[in-house]
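Enquirer: Mind having a look at this structure? Questions to follow.
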Amino acid sequence: QQQVKQSPQSLIVQKGGISIINCAYENTAFDYFPWYQQFPGKGPALLIAIRPDVSEKKEGRFTISFNKSAKQFSLHIMDSQPGDSATYFCAVLDSGGGADGLTFGKGTHLIIQP
Amino acid sequence: DAGVTQSPTHLIKTRGQHVTLRCSPISGHKSVSWYQQVLGQGPQFIFQYYEKEERGRGNFPDRFSARQFPNYSSELNVNALLLGDSALYLCASSLAVDSNYGYTFGSGTRLTVV
């Protein structure tokens, strides 16, 4: 059973546009929702993370929107730049459920066209 | 400050062999986690160690083992290698087990089993 479903699998956005990536989860025990950015040959880098007590968090051009009732969260990249072209992963964690580690989505390959 | 360092960066092994991968966490970080990332997929949790004790284990066979040393560095060992073990192995460090501190990933070890 896939604990977190990420969409779309790939995304092409024009420079200056808004990139939106979505994730849905099933387990209501999850309480930590990070987004990671990964470039080829590198490990994932934490972009931004949110906890279920807030509905939105913004850091620079990156925003997480969180809908607890729908069990969904999304990443918005404003004013997308060619340097944002990378693979993005959402992840979930149950902090109180023992050390089960982060569960990642399958990733979204984002291309920003100049 | 040095980030999470992993060695070696690349490795080629033959089926049936044994491999040891190494990770040095960020200075001051006491928790180390290991993840396997197969090409085109999100990372999958293998182990988490904190203060030299195993705190969590993912759904991996007993051929996979790990340990953490007094200086908080860690080793991941894989016995009887299979072709399917070919992947990028990622180490993540954190101040503690609590997700409040976030997880920082290294660039990984690319293991190829032939």
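Enquirer: What accessible area, summed over both chains, is buried at the A-B interface (1.4 Å probe, Å², nearest 100)? Walk me through the numbers on the way to the answer.
Expert: Values: alone 6220 and 6100 Å², together 10900 Å².
For chain A against chain B, roughly 1400 Å² becomes buried.
Enquirer: Turning to a different aspect of this structure: Would you please state which residues of region A:1-40 a label at A:Ile111 would reach in this model, taking the label point 7 Å out along Cα→Cβ and a backbone N cut-off of under 14 Å?
Expert: Answer for this model: A:9-15.
Enquirer: Rounded to the nearest 0.05, what FRET efficiency do B:Ser27 and B:Ser65 have when you use their Cβ-Cβ distance and R0 = 30 Å?
Expert: E(calc), rounded to 0.05, equals 0.70.
Enquirer: Quick one: among B:Ala96, B:Ala66, B:Ala80, which has the greatest mean-square fluctuation in a GNM of chain B with alpha-carbon springs under 10 angstrom?
Expert: Among B:Ala96, B:Ala66, B:Ala80, the largest mean-square fluctuation in the Gaussian network model of chain B belongs to B:Ala80.
Enquirer: How much of B:Arg22 can a 1.4 Å solvent probe reach, expressed as accessible area in Å² and rounded to 10?
Expert: In the full protein context, B:Arg22 sits at about 110 Å².
Enquirer: Can I ask one more? If the cut-off is 19 Å between C-alpha atoms, which lysines fall inside it for B:Lys52, apart from same-chain ones fewer than 8 positions away?
Expert: Counting by Cα, and skipping residues close in sequence, B:Lys52 has these lysines nearby: B:Lys30.
Enquirer: Please work out the average accessible area per residue across region A:4-113, using the 1.4 Å probe convention, and give it in Å².
Expert: Here the per-residue accessible area is 46 Å².
Enquirer: Let me ask something else about it. If the cut-off is a Cα-Cα distance under 25 Å, which lysines reach B:Lys13, setting aside same-chain residues fewer than 8 apart in sequence?
Expert: In chain and number order, the partners are A:Lys42.
Enquirer: Considering only protein heavy atoms and a 1.4 Å probe, what is the carbon-and-sulfur percentage of the accessible area of chain B? Working shown, then result.
Expert: On the way: 2610 of 5400 Å².
C and S atoms contribute 48 percent here.
Enquirer: Related question: Would you tally the net charge around A:Val13, using a Cβ to Cβ cut-off of less than 15 Å, leaving A:Val13 out, and scoring K and R as +1, D and E as -1?
Expert: Summing Lys/Arg as +1 and Asp/Glu as -1 gives 0.
Enquirer: Sequence gap at least 6, Cα distance under 8 Å: using those rules, report the relative contact order of chain B to the nearest whole percent.
Expert: Rounded, it is 37 percent for chain B.
Enquirer: Mark the label point 7 Å from the Cα of A:Ser95 along Cα→Cβ and return the residues of region A:9-39 whose backbone N is within less than 11 Å of it.
Expert: Backbone N within reach: A:31-33.
Enquirer: Once you've got the GNM for chain A with C-alpha springs shorter than 10 Å, pick whichever of A:Pro40, A:Pro82, A:Pro52 has the biggest mean-square fluctuation.
Expert: A:Pro40
The values are calculated or read from the model by the stated rules, or taken from the named source; none is laboratory data. Keep in mind the model is a prediction, meaning the values are calculated, not measured. Ideal geometry is used to build each Cβ from the backbone, glycine not excepted, and the neighbour counts take in all protein chains shown. Areas reflect the complete protein model, heavy atoms only, side chains present, ligands, DNA and RNA absent. Shrake-Rupley method; radii C 1.70, N 1.55, O 1.52, S 1.80 Å.
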